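Data first, discussion second: the structure below is written as structure tokens.
A short reminder: the numbers here are calculations on the coordinates, not readings from a lab. These numbers were taken from a predicted model, which means no experiment stands behind them. Positions of Cβ are backbone-derived with ideal geometry, glycine not excepted, and every protein chain shown enters the neighbour counts.
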Amino acid sequence: MRRAAPLLFLAIPLGFALSGCTTVSPGTVVLEVPVCSGETKPAVLRQGRYWPGLSYCTNYYEIVSREQRAVWNQSSDEGAAVDESITFAGKDGQKVNTDVGVGYVIAPADDDVIGMVQTFGYDLNQTIHTRVRDSVRNGLNMCASTMSVDEIYGPRKEELFKCAEAKVQEEFNAKGLLITRLTLNSEVRLPKQVQEAMEASTAATQNAQRVEREVASAEAEGKKTVATAKAAAEAQLTQANAEAEANRVIAASVTPELLQLRKLDIESKKAEKWDGKLPVVSGGEGTSMILDVGQTAAIVGR
């Protein structure tokens, strides 16, 4: 346990009592700062209980040591009462605007914490909303200087924020204030004329794609109709060819012998139907005619 030198006052927002044992809570550190000439450098008090005592020459400052986050929003419903969003420009000079978040934490080593407060002061919140915010905006401007508005809004958005994050980290991490992340907390807001132009371009692209789909659909339907008609024609041709082939085969199979056999078959069927009576032809009154049997047979055989 560390025992601080006696003091008469405490210049801290901590609530260290003028007497009695005081606790440094988890997630915070307390800087014990000598203020009289000839004193040693500040000391970092971490989680535990301490007996500060009384001293003319010591001040105490509490600093949050856990990771924190700040967001600069446009809407007053999400942050401060004023617009804190960040505006920057691309390579074409067009300005864009967005809400930005930053994560940060103090360095773990005591010497780094001491170096941080000696550089930026004890009010970490003020440092974030002034120096760090300025550096974030500067980093976004520098990284966006090689990008068009279309690229910032679209395919290079992630690249832009990674670039700006690296620049802010390079500036602050070595000084005991660790920037853990930089985040895009809203859509990228474009100038009105740029937004309208992009919307018109998007609409034109979508319309062109719709026309292409309709043309492709019509072509497919036409090919389907042609294919159906072709299939029907081929089916008819196949049927006609089959019928013609059948007729050819039948015609080729008819011979004189076959015709003679067919004639005999017909005559045989007629003979089977004859009842054996000769036909009688009557003339006028008192006359009669008897036909020659041979002639009658010839007639029946016809």
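Quick rundown of the values:
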item: For GLN118, net neighbour charge (Lys/Arg +1, Asp/Glu -1) across residues whose Cβ lies under 12 Å away; result: 0
item: Pair ARG181, GLU272: separation of 7 Å Cα→Cβ label points (nm); result: 10.5
item: FRET E, pair LYS230, ALA252, Förster distance 41 Å, beta-carbon r, rounded to 0.05; result: 0.80
item: Ranked list, fewest to most other Cβ atoms within 10 Å of each Cβ, for VAL24, VAL105, VAL30, VAL249; result: VAL249, VAL105, VAL24, VAL30
item: Sum of side-chain charges, TYR61 neighbourhood, beta-carbon under 10 Å (Lys, Arg +1; Asp, Glu -1); result: -3
item: Inverse mean reciprocal Cα-Cα distance (Kirkwood Rh) of the range 68-190, Å; result: 14.9
item: Spherically averaged projected area of the range 113-162 from its Cα convex hull (nm²); result: 4.3
item: Efficiency of FRET between VAL188 and SER217 - r from beta-carbon atoms, R0 35 angstrom, step 0.05; result: 0.45
item: Residue-count net charge about ASP265 - beta-carbon cut-off 14 Å; Lys, Arg +1, Asp, Glu -1; result: +2
item: Under-20-angstrom lysine pairs by C-alpha in the range 68-190, whenever the two are 8 or more apart or on separate chains; result: 7
item: Set of lysines near LYS273 by C-alpha distance (under 17 Å), chain-local residues within fewer than 8 positions excluded; result: LYS263
